[in-house]
Amino acid sequence: MEPTQIHLRFYQSLERLRKLKRGFAERPMKFPEFLLLATIREYRKKHPEVQGIYVSALADHMGLTVPTVSKQLRTLEQQGWLVRTVDQQNRRNTFVSLSPLGQQVLAEEETFYLEVSNQVFQQMGEERCLSIIDGISDMLDLLEETIHQQQATELT
């Protein structure tokens, strides 16, 4: 079977996304780091009574494994953007929270991302953007499911 025009456009779009990701890599904070820190901040806003978020809860919320999140957190901690605190109630658990520097860098990066996305939303219209985002989300769900099924079939 040969790729059709839709296949080629799809592959080209994926390549453009990859290149766009590279463009964001020149920011002080990589996008996955931004999402991680923003998630920590939002958790603290919703739960001001706690010292931070457990690493395991953060991993669950992000849809990642604990080892993957722990590795990312080590990097962020080395940059001085977050602080780990041992839970005094259960010393096997660790809370993660933003450092003052992490809060500052997150705010700066958030300003950049908001400005960029707002320009796109204004030019394309919010309703059209939401429709496209929903379509991309549906496509990604199907892609992930199909790839998973294909890999499972290859293992058998």
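Every read-out reported here was derived from the displayed coordinates using simple, explicitly stated rules and does not represent laboratory data. It should be emphasised that the depicted structure is a prediction, and the values quoted were computed from it without experimental measurement. Neighbour counts are summed over all protein chains in view; Cβ atoms, including those assigned to glycine, are modelled from backbone coordinates with ideal geometry.
Below, the figures for the structure above:
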quantity: In order through the range 44-51: 3J(HN,Hα) via Karplus (6.51 cos²θ - 1.76 cosθ + 1.60), integer Hz, x for Gly, Pro; calculated: 5, 5, 6, 10, x, 7, 9, 6
quantity: Extended-chain gain in nm, criterion 0.36 nm per residue less alpha-carbon gap, PHE121 and ALA107; calculated: 3.0 nm
quantity: Calculated FRET efficiency for the pair ARG18/ALA152, C-beta based, R₀ 22 Å, to 0.05; calculated: 0.30
quantity: Chain lengthening between VAL50 and GLU26 when straightened (0.36 nm per residue, less Cα-Cα); calculated: 5.3 nm
quantity: Unit charges on C-beta of K, R, D, E only; dipole of the range 96-156, Debye; calculated: 100
quantity: Structure-derived P(r) over Cα pairs in 10 Å bins from 0, in percent - corresponding label in (1) 10, 31, 31, 18, 8, 3, 0; (2) 12, 46, 35, 6; (3) 9, 27, 31, 23, 8, 1, 0; calculated: (3)
quantity: Cα centroid separation, the range 29-57 to the range 118-156 (Å); calculated: 25
quantity: Sequence of MET62, MET1 once ranked by neighbouring C-beta atoms within 10 Å, starting from the fewest; calculated: MET1, MET62
quantity: For TYR54, distant residues with modelled amide H under 5 Å away; calculated: VAL96
quantity: Sites THR85 and LEU64, calculated FRET efficiency, Cβ-Cβ separation with R0 22 Å, nearest 0.05; calculated: 0.60
quantity: Degrees separating the helix 66-78 axis from the principal Cα axis of the chain, which is the longest one; calculated: 60
quantity: Relative contact order (%) - criterion: Cα under 8 Å, at least six apart; region: the chain; calculated: 18
quantity: Relative contact order %, the range 19-82, counting alpha carbon pairs below 8 Å whose residues are six or more apart; calculated: 20
quantity: Among 145-154, 23-32, the order from most to least packed when residues are scored by Cβ within 10 Å on average; calculated: 23-32, 145-154
quantity: Listed residues GLY135, GLY125, GLY102, most fluctuating in the chain (Gaussian network, C-alpha, under 10 Å); calculated: GLY135
